[in-house]
1. Residues that are more than 11 Å from the chain's Cα centre (by Cα): list the strands (runs of 3 or more DSSP E) wholly contained in region 175-267 that include at least 3 such residues.
2. Looking for whichever is touching a strand residue (DSSP E or B) at 6+ places or on another chain (Cβ under 7 Å) and surrounded by 18 or more Cβ atoms within 10 Å (Cβ to Cβ) here; the options are Ile320, Ile296. Which one fits?
3. Looking for something within 23 Å of Gly36 (Cβ to Cβ) and at pLDDT 95 or above - is there at least one such residue anywhere in region 325-332?
4. Among the listed residues Phe123, Phe109, Phe91, identify the single one that is of a type outside the set (Lys, Arg), closer than 23 Å to Gly240 by Cβ and more than 10 Å from the ligand (Cβ to nearest atom).
5. If a residue must be touching a residue at least 12 places away in the same chain (Cβ under 8 Å) and surrounded by fewer than 17 Cβ atoms within 10 Å (Cβ to Cβ), how many such residues does region 162-194 contain?
6. In region 129-141, how many are in a helix (DSSP H, G or I) and within 12 Å of the ligand (Cβ to nearest atom)?
7. Residues of region 78-101 being in contact with a Phe, Trp or Tyr (Cβ under 7 Å, 6 or more places away or on another chain) and closer than 15 Å to Leu263 by Cα, which ones?
Amino acid sequence: MTMFNVYQLVNRSIIRGSGSYVWDDTGQKYLDLYGGHAVISIGHAHPHWVQRITHQLQTLPFYSNSVIIPLQTELAHALGTISGKEDYQLFMSNSGAEANENALKLASFHNGRDTVIAFRGSFHGRTSLAAAVTDNASNRAPVNYAGNVIVLPFNNIQATEACFQNNRDSIAAVIVEGIQGVGGIHSATAEFLHSLRTLCTRHNTVLIADEVQCGFGRTGNFFYFDRVGVTADIYTTAKGMGNGFPVAGTIISPNIRPRYGMLGTTFGGNPLACTAALAVLEVLQAEHLLQNATNIGTRLQQQLRQVPDIQNVRGSGLMIGFDVPDSLRHLRNTLLTNQKIFTGSAGTNTLRLLPALSLTMRDADDFILALKTELRNGTHSVPRNSNNPDAVQ
Ligand code: PLP
C-alpha cells in the first residue's frame with residue numbers, strides 16, 4: 001500500500017521535537033516557527049504534557065461517552081475559568097473541521113434555519129459543511145455544495161447588513177475567523193465583529209467564532225474575539241488545544257440547550273484527549289504563555305517592519321504574516337535549507353509565523369538575524385528545488 005498522495009511535502013523527515021526545536025533523521029536541528037501548522041502551543045514534547053499523558057495512558061487511555069468521564073468536567077471547568085466563559089458548555093471532538101461541523105449543526109437545530117453566512121478567504125475545514133463554508137473551490141467536491149451558504153466579502157459591514165435584509169429570518173449562523181489563517185493572516189476589524197454581533201442578536205442568528213487557529217492563546221488573548229470585546233454564541237477550538245494530541249472543542253452559549261442525540265462521537269472527549277488539553281491549560285497558566293505570545297509577537301513585528309523587502313507585517317501575538325516581493329518568493333525555501341528554520345506560507349508571497357507560544361526572545365532574535373542574512377545573501381537567485389517546503393495550507 002502507498003499513501004494517498006494529497007500533501008505537497010517538505011522534503012524532511014522530522015523525528016524528534018523539544019520546545020521550539022525539531023530534528024530530522026540526519027540529526028539536523030531546526031527552529032520551528034511553523035509549529036506543525038499552529039498546533040504546537042506549549043512546545044514540542046513539553047515534560048508536563050508528556051508526564052500527564054503517560055500517566056493517563058497507564059491508567060485508562062479510553063472509554064466511551066456512555067459513562068461519566070470526570071476528566072471532561074475537569075476540562076470544562078478549567079476552560080471556563082481561563083476563557084471567562086464559565087456559563088458556556090463544552091462538546092468535545094477530534095479536529096477543527098468536526099468542531100465547526102458541530103457548531104453549524106447546533107446553530108441550525110437551535111433556530112430551525114438552514115442558511116449560513118461565511119466570508120471570502122475563509123478556511124473552516126474539509127468535512128461536508130466545513131468545506132461548504134470554506135472559500136476554496138478546490139476543497140469542495142460536487143457533493144459538498146450545500147446551496148445554502150452565502151459567501152460575503154470579509155470585513156464588509158454594508159454587504160453583511162444588506163444580506164441580512166434580503167434574507168430576513170433565514171440565516172441560521174454566521175461563521176468567521178477572528179484572524180483568517182489559511183487565507184493569509186487577515187484580521188477581522190473590531191467594527192466588523194461588533195456589527196456581526198449586533199446583526200446576529202437582532203435576527204436571532206448564531207454567531208460562530210472559528211478560533212481553531214487563532215484561539216487558545218495564540219494571539220495573546222485566549223480567544224481572538226476577547227481582544228475586540230465581542231462575545232460569540234459558539235467558539236470552536238482545536239490545533240493548540242492538545243499541543244499535538246488530536247482534540248477539539250465546540251464551546252456553546254448557555255442559551256443553546258442540549259438534547260440527547262443532538263451531537264455525538266466515539267472518540268471525542270476520551271480521557272487521553274482531556275488530559276492533553278488539561279496539561280496545555282496548566283502550562284499556559286504556569287508559564288504565562290499568553291503574555292509571552294504578546295511580548296514576543298510585538299517584538300517580532302517591530303523588528304520585521306525594519307527589514308527591507310518585508311512588506312505588510314500583520315497579525316497578533318504569535319500569529320504573524322508578512323508579504324515578500326515576487327523576487328523573494330523562495331524565501332521560505334531558503335530559510336529552511338540555509339538557515340534551518342521552518343516557517344509557514346499562504347499563497348506564493350506570504351509567510352506565516354505560527355511558533356510555540358513559549359518562543360523565547362533569543363529564538364525571535366535568531367530568526368530576524370537569519371532572515372537578514374538570507375536577504376543579504378541574495379535569496380532572489382535561489383531556484384525552487386525538490387526541497388520545496390510549501391506544504392498545503
Ligand atoms: N478552522 C480553521 C481556522 C483552520 O485553520 C483549520 C485548519 O487549518 C480548520 C478549521 C480545520 O481544522 P482541522 O484540520 O483540524 O480539521
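The values are calculated or read from the model by the stated rules, or taken from the named source; none is laboratory data. This one's a predicted model, so the numbers in the text were calculated from it and none came from an experiment. Here Cβ is always computed from backbone atoms with ideal geometry, including for glycine, and neighbour counts include all displayed protein chains.
1. Fully inside region 175-267 and qualifying: 206-210, 248-252.
2. Ile320
3. yes
4. Answer to the selection: Phe91.
5. Residues that pass the stated criteria total 8.
6. Within region 129-141, residues that are in a helix (DSSP H, G or I) and within 12 Å of the ligand (Cβ to nearest atom) number 4.
7. Asn94
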